[in-house]
Amino acid sequence: MVVPCFDEVATVAQCLAAVVASPYTAEVVIVDDGSTDGTRDVLEELAGADDRIRVLLQPVNQGKGAALRRGFAEARSELVIVQDADLEYDPADYGAVLGPLLDGRADVVFGSRFSGGEAHRVLYFWHTVGNRFLTLLSNAFTDLNLTDMETCYKAFRREVLDDLVLEEDRFGIEPELTAKVAAGGWRIYEVGISYSGRTYDEGKKIGWRDGVRAVVCIVRYSSWGRRFRAVRRP
């Protein structure tokens, strides 16, 4: 499990307790992205309590994408899943997410908040509209039929991650990952997961600027965008 983490002192201990309790967890690579709210003190205690937990400290806040790049490089397991350090995504869903990888059908699995009949907290209408729009736009450029491109729960075979050269530092990592696994011809599956979204008062960090960047990244990392950048190179 690769866990990017930034200022999650209120939730990180409970989240990681659920992660290490999962029978699927062989190692937990936590990348703290410059937290200043006491999260690092909590992580130090947790790392000492379980030898499966490794804590990597970014010197300054660089963004989720930068944290994931470091975590992916450090992870040793054959299967890797992304887990946010809040309580929006439930490690009880690991079995569903990892299933298509474990039985050999898939190379990459997306956990969809909008597919299946799992429980979902009811929150922001326009946030949901934005997610669905970004997924539709991503699908148009990748020719996939995902229902939730922006999901945190993305699971990979080790060889997929080894094949990717990732560039985005912030939340643009989600459309970048999607575009690059699509371009790589990897077998992609999607499964329904539960979701307990947070309000902004509860610590949600993604905002409208990240949505604008996601649109840029969808185009930038598409086959059309790659061709355009190749032409512009001297």
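Listing for the model above:
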quantity: Selection from Y89, L144, W126 lying farthest towards where the dipole of the chain points positive, charges on Cβ; calculated: L144
quantity: Å² per residue, accessible surface of segment 117-178 at 1.4 Å; calculated: 51 Å²
quantity: GNM flexibility winner over the chain from R52, R113, R209 (Cα, springs under 10 Å); calculated: R209
quantity: Exposure ranking of V216, V60, V12 by accessible area [1.4 Å probe, largest first]; calculated: V60, V216, V12
quantity: Sparse-neighbour loop sites [GluC sites (Glu not before Pro); segment 78-149; at most 15 other C-beta within 10 Å; DSSP]; calculated: E78
quantity: Computed accessible area, E8, all protein chains, 1.4 angstrom probe, square angstrom; calculated: 20 Å²
quantity: Charge dipole magnitude, Cβ of K and R +1, D and E -1 - segment 51-198, Cα centre, debye nearest 20; calculated: 160 debye
quantity: Protein accessible area in segment 59-117, 1.4 Å probe - carbon and sulfur %; calculated: 48 percent
quantity: Helix 39-49 axis, angle to the chain major axis (alpha carbon atoms, nearest 10°); calculated: 70 degrees
quantity: Whole-number accessible area per residue in Å² for segment 70-114, which is evaluated in the context of all protein chains at 1.4 Å; calculated: 33 Å²
quantity: H120-R52 pseudo-label distance in nm [points 7 Å out on the Cα-to-Cβ vector]; calculated: 3.0 nm
quantity: Surface accessible to a 1.4 Å probe, F114 within the full protein complex, Å²; calculated: 60 Å²
quantity: Estimated 222 nm signal from helices in the chain, with DSSP H stretches of n ≥ 4 weighted -39500 (n - 2.57), rounded to 500; calculated: -13000 deg cm²/dmol
quantity: In Å², nearest 10: area of I188 left accessible to a 1.4 Å probe; calculated: 40 Å²
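The values are calculated or read from the model by the stated rules, or taken from the named source; none is laboratory data. As the structure is a prediction and not an experimental result, all values here were calculated from the model. Positions of Cβ are generated from backbone atoms using ideal geometry, with glycine treated the same way; all protein chains shown enter the neighbour counts. Surface areas here come from the heavy atoms of the whole protein model, side chains and all, with no ligands, DNA or RNA. Shrake-Rupley method; radii C 1.70, N 1.55, O 1.52, S 1.80 Å.
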